[in-house]
Amino acid sequence: MRIVLSNIGTLGDINPLIAIALELKRRGHVPIMALPAVYEPRIRPLGLEFHSIRPDIDPNNNLLVEMIYDINNGTETGLREFLFPALRQTYDDLLDAATKPARADLLLLGELNYAGPVVAEVTGIPWASYVLAPLSFFSAFDPPVLPPYPRLARADKAVPGFGRVIRRLARFVSRKWPQPIYDLRRELGLPKGSNPLFDAKHSPYLVLALFSRVLGVEQKDWPEHTLITGFCFYDADAGNAALPPQLERFLADGPAPLVFTLGSAAVLAAGDFYEQSARVAMQLGSRAVLLIGTDPRNRPQAALPDSICVAEYAPYSVLFPRAALVVHQGGVGTTAQCLRAGKPMLIMPYSHDQPDNARRMRRLGVAMSIKKENYKPAKVMRKLRAMFAKPKYSEQATSVAKRLENEDGVKTACNALEKLYAKTLKPS
């Protein structure tokens, strides 16, 4: 099977694709990674084929990240000012990846690659889609937290059927956003089609929900042919999953620390998160790890005690099992690694799926959350002390981790893709 795997997004969006591609290659297939050029140094060392697609991602464009992660307008900004202006280029690049030097047998497309379903329609190549969090389905029966309107999700408990109102509101607010997609389809001689933001992004053949049932379960209004696979874990850096030496020494020298991280994207819009986090750790007298990324502005200005270790990056799969508790932004990749490690969380969500993920973790009994504007030492310490005072958070986190041991998202996803490929083969 020659299969093109493609999406546009952060490492949290791309890492599950890498996990699937490596397993497909192990099974003897030919995966081609069609991703923004910034990811090529991570992909080539793995022995995977790489084809760059536009728009590329500037890892140092802090202003764009701050705009995209704005809780009120971030999703609209990301679509209308980053993805859609390059839509035709994305289409051209993905078309090349799917047809040259040989035609692909299958496409696996992430929901942020809005040119992907168009390429599939034009070429006739069968395709599967994937989503990473339940919010992507906008179910009326399991209504998500819409970042600009967080209180609406609470109303669903008091007003039966209010989830339908939330779903209609999301469609109404975003009704003008996908016009560039309609324009591209008209240019290519295609009919307008269904709503690209809610419907057309899901494959009619196979939709892979690359998350665990502890995060969300099937709903009546999910797309047909949806399969919950479990999380697909991968977080190595070009194949290297080792901790930085100074961090390894720090972890070995004392009790489990608090870990403060903002994932791979929100870290570029950290504000004073790390400064405040360092104060929290010092006032609590706790050991702590600050994963600050490459932005020098994230390094706390005050002198730090030996009880706080600062590192740019560390694989969560290796670090989190050695933590006491993780404070993070609520991205589904970070959340999944916390669940896998069996660690309680304090979540400070930004936007997109993060507020919804935070609510699901609270419901699961493994986390508390705090608003970004409330992230100050006194309030953070109050939350952390409350969690440490109640063993139920740690006990429930351990219980959930045991449930995840029975899931194999990568194997389940690859089995489904092979099954879809077999269905598309014409009799000889």
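Could you please report the charge total around Glu111, scoring K, R as +1 and D, E as -1 over all other residues with beta-carbon less than 13 angstrom from its beta-carbon?
Net of charged neighbours comes to -2.
What size of dipole, in debye to the nearest 20, comes out for region 245-404 about its Cα centre when the only charges are +1 on Lys and Arg C-beta atoms and -1 on Asp and Glu C-beta atoms?
760
Using the Kirkwood formula on the Cα atoms of region 355-403, what hydrodynamic radius do you get, in angstrom to one decimal?
Across region 355-403, the inverse of the average 1/r is 11.6 Å.
What are the lysines whose alpha-carbon lies under 26 Å from the alpha-carbon of Lys25, with same-chain residues fewer than 8 places away excluded?
Partners within reach: Lys100, Lys201, Lys411, Lys419, Lys423, Lys426.
Can you give me the C-alpha center-to-center distance between region 215-231 and region 382-428, rounded to a whole angstrom?
When both Cα centres are located, 13 Å separates them.
Tell me, Trp177, Trp222 in order of fewest to most beta-carbon neighbours within 10 Å?
Listed from fewest to most nearby Cβ atoms, that is Trp177, Trp222.
Please report how far the C-alpha centroid of region 157-195 lies from that of region 300-338, rounded to the nearest whole angstrom.
37
Shape of region 245-404 from its Cα gyration tensor (a ≥ b ≥ c, root eigenvalues): rounded if a/c is under 1.5, otherwise prolate when a/b > b/c, or oblate?
Rounded.
So, by mean Cβ neighbours within 10 angstrom, what's the order for 287-294, 80-87 with the highest one leading?
Ranked by mean Cβ neighbours within 10 Å, highest first: 287-294, 80-87.
What do you get for trypsin sites (Lys or Arg not before Pro) in region 110-194 restricted to DSSP loop and a cutoff of at most 16 other Cβ within 10 Å of the site's Cβ?
Arg151, Arg175, Lys176, Lys192
Can you return the lysines within cross-link range of Lys390? Criterion is Cα-Cα under 27 Å, with same-chain partners fewer than 8 residues away left out.
Lys157, Lys343, Lys371, Lys372, Lys376, Lys379, Lys402
For the residue pair Asn406 and Leu95, what label-to-label distance in nm results when each label sits 7 Å from Cα along the Cα-to-beta-carbon direction?
4.8
Could you compute the net charge surrounding Ala269? Neighbours are other residues with a C-beta less than 11 Å from the C-beta of Ala269; K and R count +1, D and E count -1.
Counting the neighbours of Ala269, the net charge comes to -1.
With unit charges on the beta carbons (Lys and Arg positive, Asp and Glu negative) and the dipole taken about the Cα centre of the chain, which residue among Leu132, Leu63, Pro41 sits farthest to the positive side?
Leu132
Write down, largest first, the equivalent ellipsoid semi-axes of the chain in whole Å, where each equals the square root of 5 times an eigenvalue of the alpha-carbon gyration tensor.
35, 24, 21
Report the rotationally averaged projected area of region 6-160 based on its alpha-carbon convex hull, in square nanometres.
10.7
Which net charge results when you count Lys and Arg as +1 and Asp and Glu as -1 among the other residues whose beta-carbon is under 10 Å from that of Val366?
+4
Computed from the coordinates by the stated procedures, all read-outs in this text should not be read as laboratory data. Remember, predicted model here, so these are calculated numbers, not experimental data. No Cβ is skipped: glycine too gets one built from the backbone with ideal geometry, and neighbour counts run over all protein chains shown.
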